[in-house]
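Written out below as structure tokens is the structure these notes cover.
The values are calculated or read from the model by the stated rules, or taken from the named source; none is laboratory data. All values reported here derive from a predicted model rather than from experimental measurement. Here Cβ is always computed from backbone atoms with ideal geometry, including for glycine, and neighbour counts include all displayed protein chains. With ligands, DNA and RNA removed, areas are computed over all heavy atoms of the protein, side chains included. Shrake-Rupley method; radii C 1.70, N 1.55, O 1.52, S 1.80 Å.
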Amino acid sequence: MRTRAWVPDRGLIVDAPTTTQSHAGVSGPVTRGKITDVAGASRMLQQLLIGRFGRFPQLEYVVATTPVLYRESDRIDLRAAVEFLQPCAVITIDGVKAAAIGAKIDLIRPLLVIDLGARLSEIALLANGSVIDARRVSYGTADLGQSGTVDSLVEHVRGMVTGLLRQDCGPLVVDALDRGPLVVGGGAARPAITYQLSKQLSCIAQPAPAAYTVALRGASAVADAVRRHPGLPLS
């Protein structure tokens, strides 16, 4: 799992493991997409930014990507972790939607985004610019080679897609499958995974360009839009 940060006009400024050092040693403040140690997450970000700038940058707002089905309590923890930057606003966006924006894909037509992260896998149906429905499992590429296989990861994804097909949004999911799912995250860089996804879902799974950072590029586009149009509503 890695933490990445982008600043307008500077580009990618942080790309580092999601770990922090303290007197107790090295630890991970995020577990499968959830901040489990708010103080540790804040300390990690402070260490990374001071290492990059020598001080804290002056930021009017922070745009953060989050897993789908993120709870409000999780958003509160996220805001607390970046409070040291004293931004005017913290804007959160589903990572799957940010990835679609970063890939510059039409968000009006139904689109299925499959995000295969290190410790979390997600799928989301997008249509008319919004996340219509989503699923996630606590299983990712970092689990492969230990207790899991590519086949088991793909089976998790197939099960989530089947779950969406059984909902009222099923016809939109069919249209999205015909269009071809967008695959992002570390799993998108593994041809064996995208091949098996295409085979099991009977469609062409399309890996996003530079899939590791596509959600970050989408979040950057949101940040740039807010900067250019400060009257936009924030959330």
- Query: Do we have any residue at all in the stretch 110-120 that's open to solvent by 30 Å² or more (accessible area, probe 1.4 Å) and over 20 Å from Ala211 (Cβ atoms)?
  - Reply: no
- Message: Conditions first: (1) out of contact with any helix residue (DSSP H, G or I) (no Cβ under 9 Å at 6 or more places or on another chain); (2) closer than 20 Å to Ala142 by Cα; (3) in contact (Cβ under 8 Å) with a residue 60 or more places away in the chain. Pro17 passes all but one, so which condition is the exception?
- Response: (3)
- Within the stretch 161-180, tally of residues that are free of Cβ contacts under 8 Å to residues at least 24 places away in the same chain and open to solvent by 10 Å² or more (accessible area, probe 1.4 Å): 6
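Mind checking whether some residue in the stretch 144-156 is hydrophobic (A, V, I, L, M, F, W, C) and in a loop (DSSP other than H, G, I, E, B)? Step through it out loud before you land on a result.
As a first pass, look at the stretch 144-156 and keep what is hydrophobic (A, V, I, L, M, F, W, C): 144, 150, 153-154.
Filter again for in a loop (DSSP other than H, G, I, E, B), leaving none.
Within the stretch 144-156, not a single residue is hydrophobic (A, V, I, L, M, F, W, C) and in a loop (DSSP other than H, G, I, E, B).
Quick check: anything in the stretch 22-33 in contact (Cβ under 8 Å) with a residue 60 or more places away in the chain and not basic (Lys, Arg)? Explain how you work it out, then say what you get.
Step one: list which residues in the stretch 22-33 are in contact (Cβ under 8 Å) with a residue 60 or more places away in the chain, which gives 31-33.
Filter once more, keeping what is not basic (Lys, Arg): 31, 33.
There is at least one residue in the stretch 22-33 that is in contact (Cβ under 8 Å) with a residue 60 or more places away in the chain and not basic (Lys, Arg).
Could you please find all residues in the stretch 50-62 being in contact with a helix residue (DSSP H, G or I) (Cβ under 9 Å, 6 or more places away or on another chain) and open to solvent by less than 60 Å² (accessible area, probe 1.4 Å)? Talk me through it step by step, then tell me what you get.
Residues of the stretch 50-62 in contact with a helix residue (DSSP H, G or I) (Cβ under 9 Å, 6 or more places away or on another chain): 55-62.
Passing the criteria: Pro57, Leu59, Tyr61, Val62.
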- Message: Within the stretch 147-160, does at least one residue satisfy the condition of being more than 21 Å from Leu125 (Cα to Cα) and buried (at least 17 other Cβ atoms within 10 Å of the Cβ)?
- Response: yes
- Item | Test: residue in the stretch 117-139 that is over 19 Å from the mean Cα position of the chain (by Cα) and part of a helix (DSSP H, G or I) | no
- Note on the structure: Just one listed residue, out of Ala221, Ala188, is surrounded by 19 or more Cβ atoms within 10 Å (Cβ to Cβ), closer than 18 Å to Gly95 by Cα and in contact (Cβ under 8 Å) with a residue 24 or more places away in the chain, and it is Ala188
- Pull up the stretch 1-13, narrow it to residues that are touching a residue at least 24 places away in the same chain (Cβ under 8 Å) and in a loop (DSSP other than H, G, I, E, B), then point me to the one that is least open to solvent (accessible area, probe 1.4 Å). Pro8
- Task: Can you give me the number of residues within the stretch 20-42 that are open to solvent by 50 Å² or more (accessible area, probe 1.4 Å), more than 21 Å from Gly140 (Cα to Cα) and at pLDDT below 90?
- Result: 4
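Which count do you get for residues in the stretch 63-102 that are hydrophobic (A, V, I, L, M, F, W, C), touching an Asp or Glu at 6+ places or on another chain (Cβ under 7 Å) and either farther than 24 Å from Gly186 by Cα or open to solvent by 20 Å² or more (accessible area, probe 1.4 Å) (or both)?
Total satisfying the criteria: 1.
Taking the options Arg158, Arg135, Arg166, name whichever one is modelled with pLDDT of 95 or more, within 22 Å of Pro191 (Cβ to Cβ) and not aromatic (Phe, Trp, Tyr).
Details: Arg135 fails: within 22 Å of Pro191 (Cβ to Cβ); Arg166 fails: within 22 Å of Pro191 (Cβ to Cβ).
Residue meeting the stated conditions: Arg158.
Can you find, within the stretch 74-105, the residue that is nearest to the chain's Cα centre (by Cα) among those that are assigned to a helix (DSSP H, G or I) and of a type in the set (D, E, K, R)?
Just the residues of the stretch 74-105 that are assigned to a helix (DSSP H, G or I), to begin with: 74-81, 83-85, 95-102.
Still in the running and of a type in the set (D, E, K, R): 74-75, 77, 79, 83, 97.
Working: Asp74: 14, Arg75: 14, Asp77: 17, Arg79: 17, Glu83: 21, Lys97: 8 Å.
The residue in question is Lys97.
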- Message: Of the conditions (1) part of a loop (DSSP other than H, G, I, E, B); (2) within 18 Å of Val183 (Cβ to Cβ); (3) free of Cβ contacts under 8 Å to residues at least 60 places away in the same chain, Ile108 satisfies every one except a single condition; which number is it?
- Response: (2)
- Query: So, in the stretch 191-211, of the ones that are under 20 Å from Ala99 (Cα atoms) and aliphatic (A, V, I, L, M), which residue ends up most open to solvent (accessible area, probe 1.4 Å)?
  - Reply: Ile204
